[in-house]
Amino acid sequence: MTDDRVRIFDTTLRDGEQAPGCSMTLREKLRVARALSELNVDIIEAGFPAASPGDFESVKAIADENFGPVICGLARCNPADIEKVHAAVKGASRHRIHVFVATSQIHREHKLKMAKEEIIKSADGAIRMARELCDDVEFSPEDASRTELGYLAEVVSAAIEAGATTVNIPDTVGYTVPAEFDELFRYLKKHVERIDEITLSVHCHNDLGMAVANSLAAVRAGARQIECTINGIGERAGNCSLEEAVMALRTRAEFFGLETGIDTTRLYPTSRLVSSITGMHPPRNKAIVGENAFAHEAGIHQHGMLQHASTYEIMRPEDVGLSKSNLVLGKHSGRHAFRQRVKDLGFELDEFETNRAFQDFKKLADQKKDVYDGDIEAIIMNVDNASTGPWTLRSLETHTRTDEPASATVVLVNEDGVESSVTASGDGPVAAAFQALEEITGINVVLKHFELHSASVGEDALGEVTVTVEHEGRDYRGNGTSVNIIKAGSRACLEVINRILRRQTRPSPDTDSTANMERATI
Ligand code: KIV
Ligand code: ZN
């Protein structure tokens, strides 16, 4: 199918979530899926259901919410995987089964130990089985860009004969370059007979920094679906970045002559949501959603901008959902102004969430004079985490002195309102506070990663801390915010401890899915 519309297939929750440090809880995945549907992506690849029971449950929960986009799940070419995907996605009124098998010589010989014909047979059987369960079936020849062209054309023909409705061409290891990928797509267009009956798709990894360029080359050569992730998260150097591909198509519409259905004003809020959940913040100079993407520092640029924005600006910040005024509210701002600002930033909060966020905003406004958009976003991102006990942080006091161990006194309150207090020491205030948290809750964690991100500008900006800790052989990630970074870190650690405790009392996929569970690998 070669029309003017490029479908956006978002795989943040599958290929993105697969990246180290990017795993999400069920609740976080649901928030991302809701945001993706507000962004108006065409397809959400919600996960790989056969990878683990937690993955199955989260794909199913997303499908059952029926947010609007097609909900897709990934399967290897075997009946058990395909049945699992079907069982997980069938709750969505529009759903897709995505089957894949590697086709390149390297994968055939070293990974699969299968001959060319066996691979075609396996793909054929899997696609036919998937088609019996679902009208919408996608097939991917993994490592397609390193597969012999003639053989790739044979595989794609066989997939179409078997009933695939979308055929995706992955550059699995980020190896190709735009001109070469253009030739590959043109070759397939020429040599695969019924190729115009299906949607041709592209899936690029970013190992050489060309995922977006390669995806756009494929689109120029006839692909009409781009597989991509928010902020380009994904294995190794990541996947094609959704916001970059979409804004390139839009900004250079006169060149591409193509459109997507994306509501671009949702790009920035969605990017913030994903970075705040995963703790993977895009670099400041990242195109479209980086903090500097619309900042003009050089005097000559500023002068030009004042004369006419188009001198140095090819996109308007508001087109990607960045608000024009950054300085927002202060301690005299009321609920109405706060609610309006939240709306302008692109968030939809219910009454309960608005109240919680407003309380947090008031507390923050007492601590710092100017509350910026970034601070408000950080508050909103954490509204969800705030309500999850059993323990709540009541107070934290730390003492540090050069060349001496630090100490921290932590007071926690449990669900019954009972307070517990411990003073502990450590090499630094974070270590001391974590030690006190462990002693009160009885949960031991080993800190593996502590990442601090400033939500806005100035010394009193809200600090967003993401911690990764290990507990009984599993990794857990937690987030916390505060103007005090030790407190933000303690909140992040307590969020994890609470999750571990909840899991012990009522095991659920919610709490399991961020843990580094035994996952089937691709
Ligand atoms: O990169 C890849 O090849 C994949 C496939 C499973 C589509 O993610
Ligand atoms: Zn991939």
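Rounded to the nearest 20 debye, what is the charge dipole size of the chain about its Cα centre when +1 sits on each Lys and Arg Cβ and -1 on each Asp and Glu Cβ?
420
Using C-alpha positions alone, give me the convex hull volume of the chain per residue in cubic angstrom.
164
Could you give me the ³J(HN,Hα) list for segment 109-118, computed from phi with Karplus coefficients 6.51, -1.76, 1.60 and θ = phi - 60°, whole Hz, x at Gly and Pro?
Those phi angles translate into 7, 9, 9, 8, 6, 10, 7, 3, 5, 4 Hz.
Give the lysines reachable from Lys448 as a straight Cα distance under 21 Å; neighbours fewer than 8 places away on the same chain don't count.
Reachable lysines: Lys487.
Rounded, prolate or oblate, given the Cα gyration tensor of segment 357-512, with a/c below 1.5 counting as rounded?
oblate
Calculate one ³J(HN,Hα) per residue across segment 454-459 by plugging θ = phi - 60° into the Karplus curve 6.51 cos²θ - 1.76 cosθ + 1.60, and present them in order as whole Hz with x for glycine and proline.
8, 6, 9, 10, x, 5
For segment 323-381, compute the number of Lys pairs whose alpha carbons are separated by less than 13 Å, excluding pairs fewer than 8 positions apart on the same chain.
For segment 323-381, qualifying lysine pairs total 4.
Return one number: the angle in degrees, 0 to 90 and rounded to the nearest 10, between the long axis of the Cα atoms of helix 373-386 and the longest principal axis of the Cα atoms of the chain.
Rounded to the nearest ten degrees, it is 90.
Which angle between 0 and 90 degrees, to the nearest 10, do you get for helix 149-162 versus the longest principal axis of the chain when only C-alpha atoms count?
90
Among the lysines, which have Cα under 24 Å from the Cα of Lys84 when same-chain residues fewer than 8 positions away are ignored?
Partners found: Lys29, Lys60, Lys111, Lys121.
Might you report the magnitude of the Cβ-based charge dipole of segment 7-278 about its Cα centre, with Lys and Arg at +1 and Asp and Glu at -1, to the nearest 20 debye?
I would put it at about 300 debye.
If you wrap a convex hull around the C-alpha atoms of segment 7-278 and split its volume per residue, what is the figure in Å³?
Hull volume normalised by residue count: 111 Å³.
Can you give the longest run of the chain that contains no GluC sites (Glu not before Pro) sitting in a DSSP loop with at most 16 other Cβ atoms inside 10 Å?
No qualifying site falls inside 1-147, the longest such stretch.
Relative to the present Cα-Cα distance, how much length would full extension add between Ala431 and Arg252 at 0.36 nm per residue of separation?
That works out to 59.4 nm of additional length.
Tell me the angle of helix 26-39 to the major Cα principal axis of the chain, expressed in degrees between 0 and 90 and rounded to the nearest ten.
60
Under the definition of Cα pairs under 8 Å and six or more residues apart, what whole-number percent is the relative contact order of segment 391-505?
18 percent.
With each run of n ≥ 4 DSSP H residues scored as -39500 (n - 2.57), what mean residue ellipticity at 222 nm is computed for the chain after dividing by its residue count and rounding to the nearest 500 deg cm²/dmol?
Taken over the chain, the calculation gives -12500 deg cm²/dmol.
Can you find, among Pro170, Gly478, Ala115, the residue sitting farthest towards the positive end of the charge dipole of the chain, where Lys and Arg contribute +1 and Asp and Glu -1 at Cβ?
It is Gly478, whose Cα lies furthest towards the positive end.
Only the coordinates and a few stated rules stand behind these numbers; no lab work does. Computed from a predicted structure; not experimentally measured. Glycine also receives a Cβ, built like all others from the backbone with ideal geometry; neighbour counts cover every protein chain displayed.
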